[in-house]
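**Q** Encoded as structure tokens, here's the structure I'll be asking about.
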Amino acid sequence: MAPARPSARTARRAAAGSSSPTAPRPTPRGLALTVAAALLVVAGLSLGRREAVTLGLFLAVAVGMSCAVLAARTVLARRVRLTRSVVPGALQVGGSAQITLDGTMPGLVDALPAGRPVPVPPSGYRWRARERGVYDVGPALARLSGPFGLWSARAQVAGTSRVEVEPLPLEDDELDRVLRAGVGEHDAADLLGSHAAPDDLLVREHRDGDALTRVHWGATARTGRLMVRQEEWAHDAWAVVVLDCRAVSFAAGRFDVDGGAGRHWQSSPGFERAVRAAAALILRLQEAGHQVLLLDHDGHALDPSLAPAVLEPSVREATWPAALPGEAAAVVALLGTAVGQDLPVLATVPHHLQRVAVLFGTGGRRDAAERLETDGWLVAEGGS
């Protein structure tokens, strides 16, 4: 199990003292003038020195005017809405984006996810993407001061910018190792290998009565089984990738991710590995000439970038087989530890499809894998 990570709330509390808006407060200079003004007035009244009282009142008015001007600046700053230029707007884990702001407000400090403040120089700053997700950068804080530097405050300036951080796909050789880590005699990588032909997913095993003219010799050579082309060729064949997004399927090592601007979500090492595998599979299938549809456990379409994919609190069985399009030629399901309860639903996936199940996590997977193999699925072990 991965070590626990600090929660988003803990990180925000740690940075709250340095990144929160503040009310106007006197600077050391302003505090000194305020004390001097009070002493002059008191001493002047006690000693009957009118000039001392006048000077004290003058200093008090100067301090008060500085505070009033700062208050007005604070109100104006809160009404400003900053816009950011983020280049690139979408990046992969480990990459960085250049962020510049259009405002000329002095002393800007931007709020990054996990509560980390960063000063904003005129040329902008670089933000490094450490984890996958969709992040909000901002709002910013403006460090304001009154005339003569007697008062200071931090005012929140509206405006956030969204940055998508996409997963880093598994490398080709690592994906092949995953697909070949099967529980049966056949490898899922045989038909999803890096050298697969565009129509390799449109095949099935030979049945009695199939004409030899329909034998697919390339798939036969790779699998060691007699493979034939399907009875009907889809005009635009779809390969469907299913990503199990249920938190119950990836419970081990779950951690909070701070998305900035008060947003946060949960993930886990196992889920992130499944996401990386999904990203690699999408690229592999597209390179093989297939159109790819990405679905979650309930059959809802997911963003192909996989940046917004998060764990959901659902504990019910999967329902995605009912959402398979009629043009589908193959389905690759990335499943977590809840696969056991999904077996009755998985049995409804049409047998004419090329079916691959990649199992992640631990806990009762062996029995589920063997039942899937018996039902004709190619099963691979995705790891924990």
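**Q** Sort the following peptides by mean Cβ neighbour count (other Cβ atoms within 10 Å, averaged over residues), highest first: 105-117, 66-78.
**A** Ranking, from highest mean packing down: 105-117, 66-78.
**Q** Follow-up question, since we're still on this one. Assuming R0 = 51 Å, what is the FRET efficiency of Q291 and S20, from their Cβ-Cβ distance, to the nearest 0.05?
**A** 0.55
**Q** Over every pair of different alpha-carbon atoms in the chain, take the mean of 1/r and invert it; report that Kirkwood radius in Å.
**A** This gives a value of 24.9 Å.
**Q** OK, next. I'd like the carbon and sulfur percentage of the solvent accessible area for the chain, probe radius 1.4 Å, heavy atoms only, ligands and nucleic acids excluded.
**A** 57
**Q** Rounded to whole Hz and in sequence order, give me ³J(HN,Hα) for the range 256-262 from the Karplus expression 6.51 cos²θ - 1.76 cosθ + 1.60, θ = phi - 60°, writing x for Gly and Pro.
**A** Working through the residues one at a time gives 8, 10, 8, x, x, 6, x Hz.
**Q** Hey, another quick one. Can you tell which of D208, D258, D173 shows the greatest fluctuation in a Gaussian network model of the chain with Cα springs below 10 Å?
**A** Highest fluctuation among the options: D208.
**Q** Okay, next question. Over the range 245-384, what is the relative contact order in whole percent, taking alpha-carbon pairs under 8 Å and six or more residues apart?
**A** About 23 percent, as a whole number.
**Q** Karplus couplings for the range 67-83 from phi (6.51 cos²θ - 1.76 cosθ + 1.60, θ = phi - 60°), rounded to Hz, Gly and Pro as x?
**A** Those phi angles translate into 5, 5, 5, 4, 4, 5, 5, 5, 4, 5, 5, 5, 8, 7, 10, 7, 10 Hz.
**Q** Taking 8 Å as the Cα distance limit and 6 or more residues as the minimum spacing, I'd like the relative contact order of the chain as a percentage.
**A** This gives 17 percent for the chain.
**Q** Determine ³J(HN,Hα), in whole Hz, for all residues of the range 243-251 in sequence, where each value follows from phi through the Karplus function 6.51 cos²θ - 1.76 cosθ + 1.60 and θ = phi - 60°; x replaces Gly and Pro.
**A** Result, rounded to whole Hz: 10, 6, 10, 7, 4, 5, 7, 9, 7.
**Q** Also, I was wondering about something else. If I model a spin label as a point 7 Å beyond the Cα along the Cα-Cβ vector, how far apart are those points for D210 and T54 in nm?
**A** In this crude label model, D210 to T54 measures out at 10.9 nm.
**Q** Starting from the Cα-Cα distance between R180 and A43, subtract it from 0.36 nm times their residue separation and give me the gain in nm to one decimal.
**A** My answer for the length gained is 40.3 nm.
**Q** Next up: What is the range 79-120's relative contact order, in percent, from Cα pairs under 8 angstrom and six or more apart in sequence?
**A** Once divided by the residue count of the range 79-120, the mean separation gives 30 percent.
**Q** Calculate the FRET efficiency for D172 and D102 from the Cβ-Cβ distance with a Förster distance of 35 Å, rounded to the nearest 0.05.
**A** After rounding, the FRET efficiency stands at 0.25.
The values are calculated or read from the model by the stated rules, or taken from the named source; none is laboratory data. These figures come from a predicted structure and were not determined experimentally. A quick note on method: Cβ atoms are made from the backbone with ideal geometry, for glycine too, and the neighbour counts reach across all protein chains shown. The accessibility values were calculated without ligands, DNA or RNA, using every heavy atom of the protein model including side chains. Shrake-Rupley method; radii C 1.70, N 1.55, O 1.52, S 1.80 Å.
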